[in-house]
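This report refers to the structure that appears directly beneath it.
Read-outs: derived from the displayed coordinates by stated rules, not from any lab. Just so we're clear, the structure is a prediction, and the values are computed from it rather than from any experiment. Heads up, the Cβs are rebuilt from the backbone with ideal geometry, glycines too, and the neighbour counts pull from every protein chain shown.
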Amino acid sequence: MTYHSPAFEVYGTKRVEKLFKFMEIIRDVSHAKKTYLIDTLPLWEKLRKNYPVIHRSMLSDEIHLNRLGNIFLGLIITKALGLNLCTQDEEYWASAQDIYSLVNKS
């Protein structure tokens, strides 16, 4: 799995460049080894660029996800694996699903 987008303005340009290079290495290794990869970074980047306030609200600092960010990440992974969410957990996932729908519309 690739990582999520940090808060660029706080994390720093050099660190962001290193992180993105590392994500390319992960993609290259996955491709070379023919392994399954859940590449979450493109969706996180779309969120960061189009909805920066929402993106920032999902981080506890410049790089670490907070509760909502982790729920959103879990939703991305669940969808990538083709799994369904339990209806009894709808309220738990609601905010993350709203954000997911918003990002996928744009």
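Kindly provide the Kirkwood hydrodynamic radius of region 8-105 in Å, to one decimal, from all pairs of distinct alpha carbon atoms.
It is 14.8 Å.
Write out the trypsin sites (Lys or Arg not before Pro) in the chain meeting two conditions: DSSP loop, and at most 13 other Cβ atoms within 10 Å of their Cβ.
Lys34
I need to check one value: relative contact order of region 8-105, counting alpha carbon pairs closer than 8 Å and at least 6 residues apart, in percent.
Relative CO of region 8-105 lands at 24 percent.
With a length cut of 15 Å (Cα positions projected on each helix's long axis) and a Kyte-Doolittle mean of at least -1.0, go through the chain and give me the DSSP H helices that pass.
13-33, 67-80, 90-105
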